[in-house]
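Engineer: Could you have a look at this structure, given as structure tokens, before my questions?
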Amino acid sequence: MSSQSNNLKQLTAQWYKKLKDSGFEDIEQDEAHLKRWSRSFMVEQRTAYASGSKANVKEEYYRLAGQFNHEHKFECEVDRIIWEYHADGIAYRKIVIRLKNDHGIRKASTQVQNTVERLRKEMKSLYGVTNE
């Protein structure tokens with residue numbers, strides 16, 4: 001084992017000891033653990049989403065859309081960009097304009113809408129959302 005590797009392990013151990021001594025509780029123990037926590041949080045939120053007022057439902061939808069944006073593995077970069085704009089609450093026509101101006105991508109409004117609808121179904125299925 002190299003001395004650089006040993007130094008890194010020592011520094012890491014010191015850092016985690018300082019964090020523990022300060023009372024810090026890390027939820028990112030490992031990537032699998034974080035995803036389980038995230039998924040369980042989503043399951044708890046479904047009830048609130050299903051029974052909320054219109055304003056709360058819309059707010060929760062866009063929160064889930066943002067979460068989906070960070071967790072989902074998109075088929076292509078254009079899908080990711082379209083969903084990112086959608087998750088930010090941007091209308092289809094404005095997404096078309098941004099795609100063209102910012103990325104040089106030409107899409108019709110109906111193509112953007114179809115992409116969002118397809119991804120929305122995936123998101124709802126992933127998080128177990130049955131209404132909107």
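Engineer: Can you pick out the pairs among 73/107; 58/94; 73/121; 58/121; 73/124; 9/73 whose Cα atoms lie more than 23 Å from each other?
Structural biologist: The pairs that break the limit, which is 23 Å between Cα atoms, are 9/73.
Engineer: Calculate the FRET efficiency for residue 70 and residue 102 from the Cβ-Cβ distance with a Förster distance of 30 Å, rounded to the nearest 0.05.
Structural biologist: E between residue 70 and residue 102, to the nearest 0.05, is 0.90.
Each value in this text was obtained by applying a stated rule to the coordinates, not by laboratory testing. Note that the coordinates shown come from a computational prediction; the quantities given were computed from them, not determined experimentally. When we count neighbours, we look across all protein chains shown, and the Cβ atoms used for this are built from the backbone with ideal geometry, even at glycine.
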